[in-house]
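Only one structure is covered here, and it is reproduced in the block below.
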Amino acid sequence: MMMKRCSLFGALVAISSPALAGDCAQLAGLKLPHVQITMAREITGGTFNEDTAFGREGRIYKGLPDFCRVRGLASPVAGSEIEFEVWLPRRASWTRRLHMVGNGAYSSNIYYAQMITRLKRGDVAVGTNTGHRGRELTFAIGKPESIVDFAHRAVHESVVSAKAVTKAYYDAPPAYSYFSGCSTGGYQGLSEAQRYPEDFNGIIAGAPGNNRSTLNMAFLWNYKVNHRADGSRILPASKLGMITSAVVQKCDRTDGVADGVIGDVSACKFDPAELQCKAGDEANCLSAEQVEVVRKLYAGPTDVRTGKPLYPGYVFGSEGIAGGEETTHPGWSAYWANNAKPDEPLRLDFFRYWVFNDPNWNWKGFNWGSDIDAVNSRIAATFNATNPDLRRFRANGGKLLMFMGWQDPVGAAAEAINYYNDVEAASKAADRRRDTQDFLRLYMVPGMAHCAGGPGATHFSTATRDSEPPVSDAKHDMAIALEEWVEQGKAPGALVATRFDEPKSKARKIVFQRPLCVYPEVARYKGGPENEASSFACVAPQ
(Lines give C-alpha, C1' and ligand atoms only; values in the text may rest on other atoms or scores of the structure.)
Protein backbone atom coordinates (compact mmCIF):
# COMPACT_ATOMS: atom_id res chain seq x y z
CA MET A 1 0.00 0.00 0.00
CA MET A 2 1.46 3.34 -0.98
CA MET A 3 1.38 6.01 1.67
CA LYS A 4 -0.87 9.02 1.28
CA ARG A 5 1.21 12.15 0.91
CA CYS A 6 0.85 14.80 3.59
CA SER A 7 -0.06 18.28 2.38
CA LEU A 8 3.37 19.75 3.11
CA PHE A 9 5.11 17.02 1.14
CA GLY A 10 2.66 17.63 -1.70
CA ALA A 11 3.64 21.29 -1.73
CA LEU A 12 7.33 20.42 -1.75
CA VAL A 13 6.88 17.94 -4.60
CA ALA A 14 4.95 20.52 -6.59
CA ILE A 15 7.81 23.00 -6.53
CA SER A 16 10.63 20.53 -7.19
CA SER A 17 11.96 20.67 -10.72
CA PRO A 18 12.37 17.71 -13.14
CA ALA A 19 15.33 19.63 -14.55
CA LEU A 20 17.30 18.61 -11.47
CA ALA A 21 16.72 14.89 -11.98
CA GLY A 22 19.93 12.87 -11.81
CA ASP A 23 22.17 15.89 -11.33
CA CYS A 24 23.54 15.87 -7.79
CA ALA A 25 25.27 19.24 -7.87
CA GLN A 26 22.13 20.95 -9.12
CA LEU A 27 20.28 19.91 -5.98
CA ALA A 28 22.13 22.71 -4.22
CA GLY A 29 19.72 25.06 -5.96
CA LEU A 30 16.58 23.20 -4.92
CA LYS A 31 14.08 25.65 -3.44
CA LEU A 32 12.00 24.33 -0.54
CA PRO A 33 9.93 26.23 2.05
CA HIS A 34 12.01 27.15 5.15
CA VAL A 35 14.81 24.83 3.96
CA GLN A 36 18.29 25.68 2.70
CA ILE A 37 20.32 23.03 0.89
CA THR A 38 23.85 23.52 2.20
CA MET A 39 25.61 20.69 0.35
CA ALA A 40 24.99 18.56 -2.73
CA ARG A 41 28.03 16.49 -3.64
CA GLU A 42 28.83 13.26 -5.45
CA ILE A 43 30.69 10.75 -3.27
CA THR A 44 32.70 8.38 -5.45
CA GLY A 45 35.59 5.98 -5.05
CA GLY A 46 34.01 3.92 -2.30
CA THR A 47 35.34 5.95 0.67
CA PHE A 48 33.42 8.20 3.04
CA ASN A 49 35.06 10.32 5.74
CA GLU A 50 32.66 10.78 8.63
CA ASP A 51 31.85 14.41 9.39
CA THR A 52 32.99 15.08 12.95
CA ALA A 53 30.27 17.70 13.32
CA PHE A 54 27.65 14.96 13.16
CA GLY A 55 29.67 11.77 13.57
CA ARG A 56 31.31 10.23 16.58
CA GLU A 57 35.01 9.93 15.86
CA GLY A 58 35.59 11.02 12.29
CA ARG A 59 35.66 7.41 11.09
CA ILE A 60 36.60 6.43 7.56
CA TYR A 61 34.29 3.98 5.81
CA LYS A 62 35.27 2.02 2.72
CA GLY A 63 33.48 -0.15 0.19
CA LEU A 64 30.57 2.22 -0.42
CA PRO A 65 28.73 2.52 -3.72
CA ASP A 66 28.73 5.90 -5.43
CA PHE A 67 26.01 8.20 -4.18
CA CYS A 68 24.78 11.78 -4.01
CA ARG A 69 25.17 13.32 -0.55
CA VAL A 70 22.80 16.17 0.29
CA ARG A 71 22.77 18.20 3.49
CA GLY A 72 20.11 20.71 4.43
CA LEU A 73 19.00 23.07 7.16
CA ALA A 74 15.30 23.37 8.03
CA SER A 75 13.99 26.31 10.06
CA PRO A 76 10.21 25.85 10.29
CA VAL A 77 9.94 28.37 13.15
CA ALA A 78 12.19 31.05 14.57
CA GLY A 79 14.85 29.44 16.75
CA SER A 80 14.68 26.09 15.01
CA GLU A 81 17.82 24.82 13.25
CA ILE A 82 17.31 21.26 12.05
CA GLU A 83 20.16 19.83 10.01
CA PHE A 84 19.66 16.67 7.98
CA GLU A 85 21.39 14.48 5.42
CA VAL A 86 19.98 12.58 2.45
CA TRP A 87 22.06 9.96 0.66
CA LEU A 88 20.79 9.00 -2.78
CA PRO A 89 22.07 5.87 -4.53
CA ARG A 90 22.45 5.69 -8.29
CA ARG A 91 19.11 5.48 -10.11
CA ALA A 92 19.80 1.94 -11.33
CA SER A 93 20.36 0.77 -7.74
CA TRP A 94 17.44 2.53 -6.08
CA THR A 95 14.85 0.25 -4.50
CA ARG A 96 12.21 3.04 -4.53
CA ARG A 97 12.50 2.98 -0.73
CA LEU A 98 13.48 5.77 1.64
CA HIS A 99 14.82 4.70 5.04
CA MET A 100 15.53 7.13 7.85
CA VAL A 101 17.71 6.11 10.79
CA GLY A 102 17.25 7.33 14.35
CA ASN A 103 19.58 8.85 16.92
CA GLY A 104 20.94 7.97 20.36
CA ALA A 105 20.72 9.57 23.81
CA TYR A 106 20.56 13.39 23.49
CA SER A 107 23.33 13.49 20.94
CA SER A 108 23.31 15.24 17.58
CA ASN A 109 25.36 12.43 16.07
CA ILE A 110 24.02 10.99 12.85
CA TYR A 111 24.47 7.23 12.72
CA TYR A 112 26.40 7.08 9.47
CA ALA A 113 27.08 3.36 9.83
CA GLN A 114 23.35 2.66 9.74
CA MET A 115 22.92 5.02 6.80
CA ILE A 116 25.64 3.13 4.95
CA THR A 117 23.78 -0.14 5.55
CA ARG A 118 20.64 1.34 3.97
CA LEU A 119 22.63 2.85 1.10
CA LYS A 120 24.23 -0.51 0.29
CA ARG A 121 20.75 -2.01 0.19
CA GLY A 122 19.79 0.56 -2.45
CA ASP A 123 17.60 2.74 -0.21
CA VAL A 124 17.67 6.51 0.06
CA ALA A 125 19.19 6.97 3.53
CA VAL A 126 18.21 9.86 5.79
CA GLY A 127 19.50 11.15 9.13
CA THR A 128 19.10 14.26 11.30
CA ASN A 129 21.03 16.02 14.04
CA THR A 130 17.72 16.41 15.97
CA GLY A 131 17.92 20.19 15.83
CA HIS A 132 21.11 20.88 17.78
CA ARG A 133 24.82 20.12 17.96
CA GLY A 134 26.44 18.30 20.85
CA ARG A 135 25.38 15.71 23.38
CA GLU A 136 24.64 17.65 26.56
CA LEU A 137 21.15 18.78 27.51
CA THR A 138 22.46 22.31 27.91
CA PHE A 139 21.77 22.79 24.20
CA ALA A 140 18.28 23.94 25.24
CA ILE A 141 19.47 26.92 27.30
CA GLY A 142 17.79 29.96 25.79
CA LYS A 143 16.50 27.83 22.89
CA PRO A 144 13.07 26.45 23.81
CA GLU A 145 12.30 25.49 20.22
CA SER A 146 15.26 23.10 20.26
CA ILE A 147 13.37 20.99 22.80
CA VAL A 148 10.44 20.67 20.40
CA ASP A 149 12.86 19.86 17.59
CA PHE A 150 14.50 17.11 19.62
CA ALA A 151 11.20 15.75 20.89
CA HIS A 152 9.57 15.27 17.51
CA ARG A 153 9.84 18.07 14.95
CA ALA A 154 13.35 17.30 13.66
CA VAL A 155 12.52 13.83 12.36
CA HIS A 156 9.32 15.07 10.73
CA GLU A 157 10.87 18.08 9.03
CA SER A 158 13.87 16.05 7.90
CA VAL A 159 11.87 13.29 6.26
CA VAL A 160 9.49 15.70 4.56
CA SER A 161 12.47 17.52 3.07
CA ALA A 162 14.16 14.22 2.20
CA LYS A 163 11.12 13.12 0.22
CA ALA A 164 11.24 16.36 -1.78
CA VAL A 165 14.97 15.93 -2.44
CA THR A 166 14.32 12.34 -3.54
CA LYS A 167 11.57 13.45 -5.91
CA ALA A 168 13.80 16.13 -7.40
CA TYR A 169 16.73 13.76 -7.94
CA TYR A 170 14.88 10.76 -9.40
CA ASP A 171 11.87 12.64 -10.77
CA ALA A 172 9.84 10.13 -8.76
CA PRO A 173 8.87 10.01 -5.09
CA PRO A 174 9.74 7.07 -2.85
CA ALA A 175 7.18 4.30 -3.08
CA TYR A 176 7.75 3.32 0.56
CA SER A 177 9.22 5.19 3.49
CA TYR A 178 10.68 3.53 6.59
CA PHE A 179 12.14 4.56 9.91
CA SER A 180 14.29 2.49 12.23
CA GLY A 181 16.01 3.31 15.49
CA CYS A 182 16.78 2.13 18.98
CA SER A 183 16.90 3.96 22.31
CA THR A 184 16.30 7.59 21.31
CA GLY A 185 15.69 6.22 17.83
CA GLY A 186 12.95 3.97 19.19
CA TYR A 187 11.44 6.95 20.99
CA GLN A 188 11.54 8.91 17.74
CA GLY A 189 9.80 6.07 15.92
CA LEU A 190 6.90 5.94 18.36
CA SER A 191 6.63 9.73 18.33
CA GLU A 192 6.34 9.64 14.54
CA ALA A 193 3.57 7.02 14.63
CA GLN A 194 1.67 9.10 17.18
CA ARG A 195 2.23 12.65 15.90
CA TYR A 196 2.97 12.36 12.17
CA PRO A 197 1.25 9.14 11.06
CA GLU A 198 1.67 9.86 7.33
CA ASP A 199 5.46 10.22 7.38
CA PHE A 200 6.35 6.51 7.28
CA ASN A 201 4.82 3.30 5.99
CA GLY A 202 6.82 1.17 8.40
CA ILE A 203 8.65 1.80 11.67
CA ILE A 204 11.04 -0.23 13.82
CA ALA A 205 11.17 1.14 17.37
CA GLY A 206 13.69 -0.56 19.66
CA ALA A 207 14.14 0.06 23.41
CA PRO A 208 12.14 3.25 22.99
CA GLY A 209 12.27 4.95 26.41
CA ASN A 210 9.18 6.77 25.20
CA ASN A 211 7.97 7.70 28.70
CA ARG A 212 11.04 9.88 28.69
CA SER A 213 10.40 12.49 31.36
CA THR A 214 9.48 9.72 33.78
CA LEU A 215 12.59 7.76 32.81
CA ASN A 216 14.67 10.78 33.82
CA MET A 217 12.87 10.80 37.16
CA ALA A 218 13.72 7.11 37.49
CA PHE A 219 17.42 7.95 37.04
CA LEU A 220 17.04 10.43 39.88
CA TRP A 221 15.35 7.73 41.98
CA ASN A 222 18.10 5.20 41.24
CA TYR A 223 20.69 7.57 42.67
CA LYS A 224 18.57 8.53 45.67
CA VAL A 225 17.89 4.99 46.89
CA ASN A 226 21.52 3.90 46.50
CA HIS A 227 23.09 6.74 48.47
CA ARG A 228 23.06 7.61 52.13
CA ALA A 229 22.40 11.10 53.44
CA ASP A 230 26.14 11.79 53.49
CA GLY A 231 26.42 10.94 49.78
CA SER A 232 28.19 7.59 50.22
CA ARG A 233 27.13 4.76 47.93
CA ILE A 234 25.40 1.75 49.47
CA LEU A 235 25.54 -0.93 46.76
CA PRO A 236 28.84 -0.97 44.84
CA ALA A 237 29.06 -1.79 41.15
CA SER A 238 31.39 -4.67 41.99
CA LYS A 239 28.45 -6.67 43.36
CA LEU A 240 26.14 -6.35 40.37
CA GLY A 241 27.67 -9.27 38.47
CA MET A 242 27.24 -11.47 41.52
CA ILE A 243 23.53 -10.63 41.66
CA THR A 244 23.05 -11.35 37.97
CA SER A 245 24.86 -14.67 38.28
CA ALA A 246 22.58 -15.69 41.15
CA VAL A 247 19.46 -14.67 39.20
CA VAL A 248 20.55 -16.54 36.08
CA GLN A 249 21.48 -19.64 38.06
CA LYS A 250 18.00 -19.69 39.56
CA CYS A 251 15.98 -18.83 36.44
CA ASP A 252 18.10 -20.11 33.54
CA ARG A 253 15.81 -23.06 32.84
CA THR A 254 12.59 -21.10 32.48
CA ASP A 255 12.76 -21.90 28.75
CA GLY A 256 13.72 -25.55 29.34
CA VAL A 257 17.48 -25.31 28.70
CA ALA A 258 20.54 -24.13 30.63
CA ASP A 259 22.33 -21.68 28.34
CA GLY A 260 23.18 -18.75 30.60
CA VAL A 261 20.12 -16.82 29.43
CA ILE A 262 16.80 -16.27 31.20
CA GLY A 263 14.39 -17.27 28.45
CA ASP A 264 11.17 -16.35 30.25
CA VAL A 265 11.84 -13.47 32.62
CA SER A 266 8.17 -13.27 33.61
CA ALA A 267 8.51 -16.73 35.17
CA CYS A 268 11.62 -15.80 37.20
CA LYS A 269 11.20 -15.52 40.97
CA PHE A 270 14.09 -14.11 42.95
CA ASP A 271 14.55 -12.43 46.34
CA PRO A 272 17.83 -10.57 46.89
CA ALA A 273 17.64 -11.63 50.54
CA GLU A 274 18.92 -14.99 49.29
CA LEU A 275 22.30 -13.26 48.92
CA GLN A 276 22.30 -11.56 52.32
CA CYS A 277 25.45 -11.95 54.36
CA LYS A 278 25.18 -13.85 57.61
CA ALA A 279 26.71 -10.84 59.28
CA GLY A 280 28.08 -7.48 58.17
CA ASP A 281 29.21 -6.94 54.61
CA GLU A 282 31.40 -9.19 52.48
CA ALA A 283 32.41 -9.06 48.80
CA ASN A 284 30.45 -12.21 47.88
CA CYS A 285 27.16 -11.31 49.58
CA LEU A 286 24.84 -8.38 50.29
CA SER A 287 24.45 -6.49 53.52
CA ALA A 288 20.93 -5.97 54.83
CA GLU A 289 21.10 -2.36 53.64
CA GLN A 290 22.16 -3.47 50.17
CA VAL A 291 19.33 -6.01 49.98
CA GLU A 292 16.86 -3.17 50.50
CA VAL A 293 18.50 -1.10 47.76
CA VAL A 294 18.19 -3.96 45.28
CA ARG A 295 14.54 -4.44 46.20
CA LYS A 296 13.86 -0.74 45.61
CA LEU A 297 15.59 -0.80 42.23
CA TYR A 298 13.47 -3.81 41.22
CA ALA A 299 10.35 -1.97 42.40
CA GLY A 300 10.99 1.42 40.76
CA PRO A 301 9.95 4.92 41.88
CA THR A 302 6.51 5.75 43.24
CA ASP A 303 4.42 8.82 43.97
CA VAL A 304 4.71 9.30 47.74
CA ARG A 305 1.15 10.64 47.95
CA THR A 306 -0.52 7.58 46.48
CA GLY A 307 2.08 4.82 46.34
CA LYS A 308 1.30 4.55 42.62
CA PRO A 309 4.24 3.32 40.49
CA LEU A 310 5.82 6.13 38.52
CA TYR A 311 8.07 4.05 36.30
CA PRO A 312 8.72 0.28 36.21
CA GLY A 313 11.65 -1.08 38.16
CA TYR A 314 14.48 -3.04 36.60
CA VAL A 315 13.82 -6.69 35.82
CA PHE A 316 15.70 -9.71 37.12
CA GLY A 317 18.91 -10.26 35.19
CA SER A 318 19.57 -6.64 34.22
CA GLU A 319 21.82 -5.83 37.20
CA GLY A 320 25.21 -6.43 35.59
CA ILE A 321 25.39 -7.36 31.92
CA ALA A 322 27.89 -10.11 31.21
CA GLY A 323 28.65 -12.01 28.06
CA GLY A 324 28.83 -10.82 24.48
CA GLU A 325 30.07 -7.57 23.04
CA GLU A 326 28.11 -5.15 25.21
CA THR A 327 30.42 -2.80 27.07
CA THR A 328 28.71 0.58 26.60
CA HIS A 329 25.84 -0.37 28.90
CA PRO A 330 27.34 -2.80 31.44
CA GLY A 331 24.41 -2.75 33.86
CA TRP A 332 22.81 -0.59 36.53
CA SER A 333 26.10 1.11 37.37
CA ALA A 334 25.96 3.18 34.19
CA TYR A 335 22.59 4.68 35.14
CA TRP A 336 22.41 5.03 38.91
CA ALA A 337 24.76 8.03 38.79
CA ASN A 338 26.31 10.47 36.36
CA ASN A 339 29.59 8.70 35.65
CA ALA A 340 31.16 11.97 34.54
CA LYS A 341 30.16 13.45 37.90
CA PRO A 342 29.70 10.46 40.25
CA ASP A 343 28.47 12.64 43.11
CA GLU A 344 25.22 13.51 41.32
CA PRO A 345 22.37 11.71 39.51
CA LEU A 346 22.21 11.28 35.76
CA ARG A 347 20.33 13.80 33.55
CA LEU A 348 20.19 16.61 36.11
CA ASP A 349 20.37 19.19 33.33
CA PHE A 350 16.98 17.95 32.16
CA PHE A 351 15.48 19.26 35.40
CA ARG A 352 17.67 22.36 35.59
CA TYR A 353 17.11 23.67 32.08
CA TRP A 354 14.14 21.82 30.56
CA VAL A 355 11.73 21.71 33.49
CA PHE A 356 12.55 24.25 36.22
CA ASN A 357 14.70 26.69 34.17
CA ASP A 358 17.02 27.14 37.12
CA PRO A 359 20.76 26.37 36.81
CA ASN A 360 20.99 26.29 40.61
CA TRP A 361 18.14 23.81 41.05
CA ASN A 362 19.01 21.30 43.81
CA TRP A 363 17.96 17.75 43.11
CA LYS A 364 18.05 16.86 46.80
CA GLY A 365 14.90 18.90 47.29
CA PHE A 366 12.92 17.04 44.63
CA ASN A 367 9.43 16.37 46.00
CA TRP A 368 8.22 12.92 44.97
CA GLY A 369 4.70 14.23 44.77
CA SER A 370 4.30 17.86 43.74
CA ASP A 371 7.45 17.92 41.61
CA ILE A 372 6.17 14.94 39.65
CA ASP A 373 3.16 17.09 38.80
CA ALA A 374 5.48 19.94 37.80
CA VAL A 375 7.44 17.72 35.39
CA ASN A 376 4.25 16.33 33.88
CA SER A 377 2.58 19.71 33.43
CA ARG A 378 5.61 21.56 32.06
CA ILE A 379 7.13 19.14 29.58
CA ALA A 380 5.49 15.72 29.34
CA ALA A 381 3.03 16.63 26.58
CA THR A 382 5.82 17.93 24.33
CA PHE A 383 8.51 15.48 25.32
CA ASN A 384 6.92 12.06 25.80
CA ALA A 385 5.66 9.61 23.19
CA THR A 386 3.13 7.64 25.22
CA ASN A 387 -0.13 8.22 23.33
CA PRO A 388 -1.63 4.76 22.66
CA ASP A 389 -4.04 6.08 20.02
CA LEU A 390 -2.45 4.92 16.76
CA ARG A 391 -5.65 4.88 14.70
CA ARG A 392 -4.38 7.43 12.17
CA PHE A 393 -1.12 5.55 11.67
CA ARG A 394 -3.01 2.31 11.15
CA ALA A 395 -5.58 3.90 8.83
CA ASN A 396 -2.72 5.12 6.68
CA GLY A 397 -1.52 1.54 6.29
CA GLY A 398 1.34 1.92 8.76
CA LYS A 399 3.07 -1.09 10.34
CA LEU A 400 5.07 -0.91 13.56
CA LEU A 401 7.57 -3.38 15.00
CA MET A 402 8.87 -2.84 18.55
CA PHE A 403 11.63 -4.74 20.31
CA MET A 404 13.18 -4.57 23.76
CA GLY A 405 15.97 -6.43 25.51
CA TRP A 406 14.92 -8.17 28.71
CA GLN A 407 18.31 -7.29 30.25
CA ASP A 408 18.21 -3.62 29.27
CA PRO A 409 19.80 -1.59 32.11
CA VAL A 410 18.77 1.82 30.72
CA GLY A 411 15.00 1.88 30.37
CA ALA A 412 13.09 -0.81 32.22
CA ALA A 413 12.03 -3.65 29.93
CA ALA A 414 8.52 -3.55 31.34
CA GLU A 415 7.97 -0.05 29.94
CA ALA A 416 7.88 -1.37 26.36
CA ILE A 417 5.33 -3.96 27.45
CA ASN A 418 3.31 -1.26 29.20
CA TYR A 419 3.08 0.79 26.01
CA TYR A 420 2.12 -2.21 23.92
CA ASN A 421 -0.55 -3.14 26.46
CA ASP A 422 -1.87 0.43 26.40
CA VAL A 423 -2.26 0.28 22.63
CA GLU A 424 -4.01 -3.06 22.92
CA ALA A 425 -6.33 -1.71 25.63
CA ALA A 426 -7.26 1.22 23.37
CA SER A 427 -8.65 -1.17 20.75
CA LYS A 428 -12.44 -1.30 20.44
CA ALA A 429 -12.43 -4.73 18.81
CA ALA A 430 -13.79 -7.85 20.48
CA ASP A 431 -10.39 -9.53 20.04
CA ARG A 432 -8.08 -6.69 21.04
CA ARG A 433 -4.86 -8.62 20.67
CA ARG A 434 -5.62 -9.80 17.17
CA ASP A 435 -6.79 -6.32 16.22
CA THR A 436 -3.62 -4.69 17.59
CA GLN A 437 -1.26 -7.20 16.04
CA ASP A 438 -2.77 -6.40 12.66
CA PHE A 439 -0.42 -3.38 12.62
CA LEU A 440 1.79 -3.56 15.77
CA ARG A 441 3.97 -6.39 17.05
CA LEU A 442 6.36 -6.42 20.00
CA TYR A 443 9.40 -8.68 20.38
CA MET A 444 10.97 -9.10 23.83
CA VAL A 445 14.55 -10.33 23.45
CA PRO A 446 15.94 -12.64 26.17
CA GLY A 447 19.50 -11.88 27.20
CA MET A 448 19.77 -8.60 25.29
CA ALA A 449 21.09 -5.42 26.90
CA HIS A 450 20.42 -1.92 25.53
CA CYS A 451 19.67 -2.30 21.81
CA ALA A 452 22.36 -4.97 21.40
CA GLY A 453 24.83 -7.15 23.26
CA GLY A 454 24.36 -9.34 26.30
CA PRO A 455 24.54 -13.14 26.62
CA GLY A 456 21.50 -13.94 24.48
CA ALA A 457 20.79 -14.38 20.78
CA THR A 458 20.77 -10.69 19.86
CA HIS A 459 21.49 -10.60 16.12
CA PHE A 460 18.26 -10.22 14.17
CA SER A 461 18.25 -6.91 12.29
CA THR A 462 20.31 -4.91 9.80
CA ALA A 463 18.44 -1.84 11.06
CA THR A 464 20.05 -2.02 14.51
CA ARG A 465 23.66 -1.48 15.57
CA ASP A 466 25.71 -4.62 16.27
CA SER A 467 22.83 -6.88 15.28
CA GLU A 468 23.75 -8.09 11.77
CA PRO A 469 22.05 -11.47 11.16
CA PRO A 470 23.71 -14.38 9.35
CA VAL A 471 21.02 -14.61 6.67
CA SER A 472 19.40 -11.85 4.62
CA ASP A 473 15.73 -12.79 4.64
CA ALA A 474 12.51 -11.92 6.44
CA LYS A 475 12.97 -14.74 8.95
CA HIS A 476 16.33 -13.50 10.22
CA ASP A 477 16.23 -9.75 9.51
CA MET A 478 13.56 -7.59 11.14
CA ALA A 479 14.12 -4.86 8.55
CA ILE A 480 13.20 -7.21 5.70
CA ALA A 481 10.29 -8.61 7.72
CA LEU A 482 8.91 -5.07 8.02
CA GLU A 483 9.30 -4.45 4.29
CA GLU A 484 7.41 -7.62 3.44
CA TRP A 485 4.66 -6.72 5.91
CA VAL A 486 4.26 -3.24 4.40
CA GLU A 487 4.73 -4.10 0.75
CA GLN A 488 3.32 -7.62 0.49
CA GLY A 489 1.01 -7.91 3.48
CA LYS A 490 3.04 -10.76 5.00
CA ALA A 491 2.76 -10.27 8.75
CA PRO A 492 5.88 -11.44 10.62
CA GLY A 493 5.67 -14.26 13.12
CA ALA A 494 8.58 -15.54 15.16
CA LEU A 495 11.96 -14.38 13.87
CA VAL A 496 15.25 -16.26 14.25
CA ALA A 497 17.79 -14.53 16.51
CA THR A 498 21.45 -15.58 16.51
CA ARG A 499 24.30 -15.59 18.99
CA PHE A 500 27.83 -15.52 17.55
CA ASP A 501 31.13 -16.38 19.20
CA GLU A 502 32.93 -13.31 17.83
CA PRO A 503 30.19 -11.02 16.49
CA LYS A 504 32.50 -8.47 14.85
CA SER A 505 34.83 -11.00 13.23
CA LYS A 506 34.45 -11.96 9.58
CA ALA A 507 35.07 -15.52 10.71
CA ARG A 508 32.29 -15.43 13.31
CA LYS A 509 30.51 -18.69 14.06
CA ILE A 510 27.01 -19.36 15.30
CA VAL A 511 26.87 -20.48 18.94
CA PHE A 512 23.11 -20.91 19.09
CA GLN A 513 19.87 -19.58 17.64
CA ARG A 514 16.50 -18.96 19.26
CA PRO A 515 13.06 -18.02 18.01
CA LEU A 516 12.20 -14.41 18.75
CA CYS A 517 8.53 -14.68 19.59
CA VAL A 518 5.75 -12.16 19.10
CA TYR A 519 4.77 -10.88 22.55
CA PRO A 520 3.28 -12.22 24.76
CA GLU A 521 4.54 -15.62 23.60
CA VAL A 522 7.91 -16.94 24.80
CA ALA A 523 10.26 -19.59 23.45
CA ARG A 524 10.11 -22.99 25.14
CA TYR A 525 12.34 -26.00 24.42
CA LYS A 526 10.45 -28.88 22.82
CA GLY A 527 13.31 -31.26 22.06
CA GLY A 528 16.20 -31.56 19.64
CA PRO A 529 19.60 -29.85 19.36
CA GLU A 530 19.64 -27.06 21.95
CA ASN A 531 21.58 -24.72 19.67
CA GLU A 532 18.89 -24.69 16.96
CA ALA A 533 15.86 -22.41 16.86
CA SER A 534 13.72 -25.23 15.47
CA SER A 535 14.05 -27.06 18.80
CA PHE A 536 11.93 -24.37 20.46
CA ALA A 537 8.29 -23.39 20.15
CA CYS A 538 6.61 -20.06 20.85
CA VAL A 539 4.05 -20.62 23.60
CA ALA A 540 2.05 -18.67 26.15
CA PRO A 541 4.16 -17.61 29.17
CA GLN A 542 3.88 -19.54 32.41
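The values are calculated or read from the model by the stated rules, or taken from the named source; none is laboratory data. What you see is a predicted model, and the numbers here were worked out from it, not measured in a lab. Reconstructed Cβ throughout: ideal geometry from the backbone, glycine too, with neighbour counts over all protein chains shown. For accessibility, only protein heavy atoms count, side chains too; no ligands or nucleic acids. Shrake-Rupley method; radii C 1.70, N 1.55, O 1.52, S 1.80 Å.
Please express the Cα-Cα pair-distance distribution P(r) of the stretch 411-485 as a list of whole percents, one per 10 Å bin, running from 0 to the bin with the greatest distance.
Taking every Cα pair in the stretch 411-485, the percentages come to 18, 39, 34, 9, 0.
Of all DSSP beta bridges located in the chain, what percent are antiparallel, nearest 5?
60
Bin width 5 Å, origin at 0, all Cα-Cα pairs of the stretch 320-456: what percent of pairs per bin?
2, 9, 13, 14, 15, 15, 15, 11, 5, 1, 0
Provide the per-residue ³J(HN,Hα) series for the stretch 35-49, in order, calculated from phi with Karplus coefficients 6.51, -1.76, 1.60 and θ = phi - 60°, each as a whole number of Hz, with x at glycine and proline positions.
Along the stretch 35-49, the couplings run 10, 10, 7, 9, 7, 8, 9, 6, 10, 10, x, x, 10, 10, 8 Hz.
Place the peptides 517-524, 87-94, 407-414 in order of packing, highest mean first, counting for every residue the other Cβ atoms within 10 Å and averaging per peptide.
407-414, 517-524, 87-94
Scaled to the compact-protein estimate 2.2 N^0.38 Å, what is the alpha-carbon radius of gyration of the stretch 395-435, rounded to two decimal places?
1.39
Determine the sum of side-chain charges near VAL293: Lys and Arg each +1, Asp and Glu each -1, restricted to other residues whose C-beta is under 13 angstrom from that of VAL293.
On the way: positive: LYS224, ARG228, ARG233, LYS239, ARG295, LYS296; negative: ASP281, GLU289, GLU292, GLU319.
Counting the neighbours of VAL293, the net charge comes to +2.
Can you tell me the accessible area per residue over the chain, all protein chains present, probe 1.4 angstrom, in square angstrom?
39
Computed over the Cα atoms of the stretch 166-239, what is the ratio Rg over Rh, Rh following Kirkwood?
Values: Rg = 20.2 Å, Rh = 15.5 Å.
Ratio of gyration radius to Kirkwood radius: 1.31.
Step by step: find N for the stretch 324-391, compute 2.2 N^0.38 Å, then divide the Cα radius of gyration by it. What's the final number? All intermediate terms of the calculation are to be shown ahead of the outcome.
Working: Rg = 15.3 Å, N = 68, 2.2 N^0.38 = 10.9 Å.
Dividing the Cα Rg of the stretch 324-391 by 2.2 N^0.38 Å gives 1.40.
Can you order the peptides 370-382, 448-460 by their average number of other Cβ atoms within 10 Å per residue, highest first?
Details: 370-382: 15.2, 448-460: 27.7.
So the order, starting with the most tightly packed, is 448-460, 370-382.
Grab the alpha carbons of the stretch 185-276, take their convex hull, and tell me the volume per residue in Å³. Don't skip to the end; give the middle numbers.
Details: hull volume 14.3 nm³, N = 92.
It comes to 156 Å³ per residue, whole-number rounded.
State the Cα centre-to-centre distance between the stretch 107-158 and the stretch 417-490 in whole Å.
23
At a 10 angstrom cut-off on C-beta neighbours, averaged per residue, how do the peptides 199-212, 429-442 rank from highest to lowest? Write down the numbers at each step before the final one.
Values: 199-212: 27.1, 429-442: 15.8.
Ranked by mean Cβ neighbours within 10 Å, highest first: 199-212, 429-442.
Quick one: the Cα spread of the chain along its three principal axes, in angstroms, biggest first?
Ordered largest first, the chain gives principal extents of 80, 61, 51 Å.
Quick one, what does Rg over Rh come out to for the stretch 50-129 if you take C-alpha atoms and the Kirkwood Rh?
Values: Rg = 13.0 Å, Rh = 13.2 Å.
Taking Rg over the Kirkwood Rh, I get 0.98.
Under 16 Å Cα-Cα from LYS296, which aspartates and glutamates qualify once same-chain neighbours fewer than 8 residues away are excluded?
ASP271, GLU274, GLU319
Within the stretch 406-542, what whole-number % of the accessible surface is contributed by carbon and sulfur, with the 1.4 Å probe and all protein chains included in the calculation?
47
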